[in-house]
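Here the structure is laid out as C-alpha cells; the discussion comes afterwards.
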Amino acid sequence: MTGRGKYETRLDPALWAYIDSVNAWYPPEIIGLPIDKQRAVYDRMCRAFHRGRPAGVKASDGLIAASGHGIPIRHYQRASKAARAMVLYFHGGGFILGGLDSHDDICAELCAGTGFDVLSVDYRLAPEHLHSAAFEDAMSAFEWAAAASDLPLLLCGESAGGNLAAAVAQATRRNARAAIGQVLIYPGLGGDESAGSYVEHANAPLLSVGDIAFYRDVRSAKRQLPDDPTFSPLRDSDFSGLPPTVIITAECDPLSSDGETYRDRIVAAGGKAWWHEEPRLVHSFLRARTTVPAAAEAFTHIVAAVAALGWGEWPYL
C-alpha cells in the first residue's frame, strides 16, 4: 500500500492491519463532514470493534444531576468482589466523539483486570458544548463520586479524556478527597507543537497535527485563553501537590511529547510521575489490544498501573 511513508516498515503488519481497518471504518477525510455524520460513522466503528464484557463484570447506568442538565454515567463492578478503589474514566474522541458505549468494553476490562469499580463519564461534547462544558462535567462527576462513595478515587482517561483527567487532578489536588493517583493514556495536554513528537510524528497514522488543531478549534470558545490549565493542563504554572501519575503514550503519535513534559513538570515540583512511551505503536492503540500483541502488552501495562496506584504502590523507578 502506498502513502505509508516512513511508517511502512516502522510499524508491524498486525498494526497496519488495525490501522487499515480503522481507516476503512473512519477514513481521514471524514474530518470534513458535519459532526453528526462523523459521530454516526464513529459509533458504527466502535460497535464493530466492541469485544464484549468479561465474565463477572456487571454494569449499571445512572445520571448525575448537574447545573441545568444530567451527566450519564456507567458504573462497572465485579459481581462477587468488594472493590479497593474507584476509577473515574474519561473517554477519548477529540471532545466531539464517543460516549458510554464507545469505550464500554475497555472500561469493563479495566474493572475485571484491577478488581476496582470503574465509573465511565459521558461528558458533554463540542461543538454544541464548548469549553469548559466537558471539564465542568468531569469535575461534577469527581465531586459526585467523592460524595457517593468512600472508595479512594483514581483518575484515568485516554486522549481527550486524559486531558480531562489531568485537569481534574490539578483542580482538586487540595481537596480532602483528592485522587490518590492518575493514569493518562496518550493524553493531549496542550504541549509545545513546535518540537518533539509534534514535529517528528506530525503526520502519523490515525492522528496528525492537523487533526489535533481541528479538535482544538472545534472545542474552543470565543477568545479562548491559551494559558487556561482547564483547557491545556501543561499551561498550568504549578505542578505541585499532584497525585502519583503514570503516563503511557505511543511512540508514533504527535502527542507523545506531552507525556514526557508532564512527567518532567511533576517531578520538578517534587511529585511522583512516570512516563513510558510504547515503542512502534500509534494513537488509539487501545482498540488494537485484541489483535496486535504490542497493543495487548501496552494494555497490560495500563491495567497494572491503575492496580498499583489503587493499592498505594509505586513500583516505577
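The values are calculated or read from the model by the stated rules, or taken from the named source; none is laboratory data. Because the structure is predicted, anything quoted here is derived from the model rather than measured. A quick note on method: Cβ atoms are made from the backbone with ideal geometry, for glycine too, and the neighbour counts reach across all protein chains shown.
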Report task. Consider only pairs whose beta carbons are under 7 Å apart and that are at least six residues apart or on different chains; among these, list those whose first residue lies in segment 290-317 and is more than 14 Å from Gly115 (Cα to Cα) and whose second residue is assigned to a helix (DSSP H, G or I) and β-branched (Val, Ile, Thr). Result -> none
Query - Residue in segment 259-271 that is in a strand (DSSP E or B) and touching a strand residue (DSSP E or B) at 6+ places or on another chain (Cβ under 8 Å) present - result: no
Query raised in the report: Of everything in segment 124-154 that's touching a strand residue (DSSP E or B) at 6+ places or on another chain (Cβ under 7 Å), within 15 Å of Ala65 (Cα to Cα) and not hydrophobic (A, V, I, L, M, F, W, C), which residue is surrounded by the most Cβ atoms within 10 Å (Cβ to Cβ)?
Result: Asp137
Query raised in the report: So which residues in segment 32-54 are more than 28 Å from Glu109 (Cα to Cα) and either touching a Gly at 6+ places or on another chain (Cβ under 8 Å) or assigned to a loop (DSSP other than H, G, I, E, B) (or both)?
Result: Leu33, Pro34
Report task. Give segment 89-110 a look and list any residue that's of a type in the set (A, V, I, L, M, F, W, C), crowded, with 21+ Cβ neighbours inside 10 Å and either modelled with pLDDT under 95 or closer than 14 Å to Ala59 by Cα (or both), or say none. Result -> Ile106, Cys107, Ala108, Leu110
Report summary line: Okay, helices (runs of 4 or more DSSP H) sitting entirely in segment 87-200 with 1 or more residues that are in contact with a Cys (Cβ under 7 Å, 6 or more places away or on another chain) and in contact (Cβ under 8 Å) with a residue 24 or more places away in the chain, I get 160-171
Query raised in the report: Does Arg223 meet the test of being among the charged types (D, E, K, R), surrounded by fewer than 18 Cβ atoms within 10 Å (Cβ to Cβ) and part of a loop (DSSP other than H, G, I, E, B)?
Result: yes
Query raised in the report: When segment 66-85 is examined, which residues are found to be more than 25 Å from the chain's Cα centre (by Cα) and either surrounded by 15 or more Cβ atoms within 10 Å (Cβ to Cβ) or not small (Gly, Ala, Ser) (or both)?
Result: Lys81
Requested in this report: Could you look through segment 72-86, keep only residues that are touching a residue at least 40 places away in the same chain (Cβ under 8 Å), outside any loop (DSSP other than H, G, I, E, B) and not polar (S, T, N, Q), and pick out the one that is farthest from Thr245 (Cα to Cα)?
Outcome: Pro72
Query raised in the report: Name the residues in segment 261-279 that are of a type in the set (D, E, K, R), under 17 Å from the mean Cα position of the chain (by Cα) and within 19 Å of Ser240 (Cβ to Cβ), would you?
Result: Arg263
